[in-house]
1. Against the longest alpha carbon principal axis of the chain, how many degrees, from 0 to 90 and to the nearest 10, is the axis of helix 256-266 turned?
2. Direction-averaged shadow area of the convex hull around the Cα atoms of the stretch 140-226, nm²?
3. With unit charges on the beta carbons (Lys and Arg positive, Asp and Glu negative) and the dipole taken about the Cα centre of the stretch 235-358, which residue among 247, 337, 275 sits farthest to the positive side?
4. Compute the long axis of helix 234-250 from its Cα atoms, compare it with the longest principal axis of the Cα atoms of the chain, and write down the angle in degrees, 0 to 90, nearest 10.
5. State the Kirkwood hydrodynamic radius of the stretch 186-293 in Å, one decimal place, computed from all pairs of distinct Cα atoms.
6. Step through the residues of the stretch 134-141 one at a time and calculate ³J(HN,Hα) from phi using the Karplus curve (6.51 cos²θ - 1.76 cosθ + 1.60, θ = phi - 60°), rounding each to whole Hz and writing x for Gly and Pro.
7. What is the dipole size for the stretch 1-145, taken about its Cα centre, with +1 at each Lys and Arg Cβ and -1 at each Asp and Glu Cβ, in debye to the nearest 20?
8. Residue 231: which aspartates and glutamates have alpha carbons under 19 Å from its alpha carbon, excluding same-chain residues fewer than 8 sequence positions away?
Amino acid sequence: MENTMSSPSLVSHIIAQKTVMGLPLYRQEQDWQRRGFNLSRSIMASWMIRSSQIYGEALADRMIQDFRKCDVVHMDETVLKCLEVSREQKRTNCYMIVGVSGEHESRKMVIYQFKKTREQKFVRELLGEGFEKALMSDGFEGYDNYTGAVHLSCMAHARRHLYDAVKIRADYQTLDKLPDDTEVKLSYIRENPALGILLEPLGNINRLYEVENRAKKKKLSREEVYELRQKESKPLFDQVIKGMERITRSFDSGSKAVKGANYFLKRKDSLGRYLEDGTYPIDNNLAERMVKPFVIGRKGFLFADTEAGAEATAVWYSLSQSAIMNGLVPEKYIEHVLTRLKNEGIKEDVLEELLPYSRTLPENLYKK
């Protein structure tokens, strides 16, 4: 950047330290001081923001074009406080939206976007108009209201609602402390039929996951996964539905267990839709895993000072975490991106070659 002492290698190091190692700028400032350099956090923040606005945003926007062409995408979100927005709009929480390409996509990427609200428009702003492929998400209505997409619901999320009701029960806690003997535990469940009613659908959900694990271990094709699911998973899923319906008839309507069962039954169509295609995922764990790097980093920096800073953080998280997904060394990759865009300008052919899933990136950028 003109009129600064920044260089691609220095800026990429600062970015990687924050977005990969979770080292906030104030701690990087302390580290530079120990090395004998007076490099302030405000200067580093300025470099991250300006380099994002000049170079990074163009590449992140190009990635979004490809993201909208994916057959399966995952979406999730997490809270991020922005002081500037809090002061101006009296809004406590803003959000970091996370979109991840499906497991079977050839173009591996994760997109982070900063949003001031969790209004439904954030889904449209990421996916655009007319996205008709599969969208995996949790139960937030902002995703459900996005029209056109094939909506998939997260089995792990639905299971959690019922399990949270079960794990606080005294009879379940007693069961959990029994010796690891199948007959002893089955005998206890028979003596406590109410607990058995709750555990039956949870056990069948576990069996659904066993089918998925087998398919992954055997590296089955899309068609083979579909056939396996139709043969084994579909009957199990039907049993889960019957088990949830039995819970609603057997427990008080205001109980946590019935609320968990109703959550599942309300979404049974979107929960069971993964059975229709061998590439559809059973849950949204892929997105939840990609939320974690940001959550870990947020524990260090806690909040964003400005909206521009939050947007820059989103851009650099997108590039660094997508680099990791594609086997690249994030710091080397970002340095390469900054160097080429600085020297050659923001051109479509250059952006195409710099995408983290590009087949033309230099070999030395990859993890050995």
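1. Taking Cα atoms only, the helix is inclined about 70 degrees.
2. 8.5
3. So the residue we want is 247.
4. 70
5. 15.3
6. 8, 10, 9, 8, 8, x, 5, 5
7. Result for the stretch 1-145 is approximately 660 debye, rounded to the nearest 20.
8. 210, 212, 223, 269, 276, 277
The values are calculated or read from the model by the stated rules, or taken from the named source; none is laboratory data. This structure is a prediction, so every number in the text was calculated from the model and none was measured. Heads up, the Cβs are rebuilt from the backbone with ideal geometry, glycines too, and the neighbour counts pull from every protein chain shown. Only protein heavy atoms, including side chains, enter the accessible area calculation; ligands, DNA and RNA are left aside. Shrake-Rupley method; radii C 1.70, N 1.55, O 1.52, S 1.80 Å.
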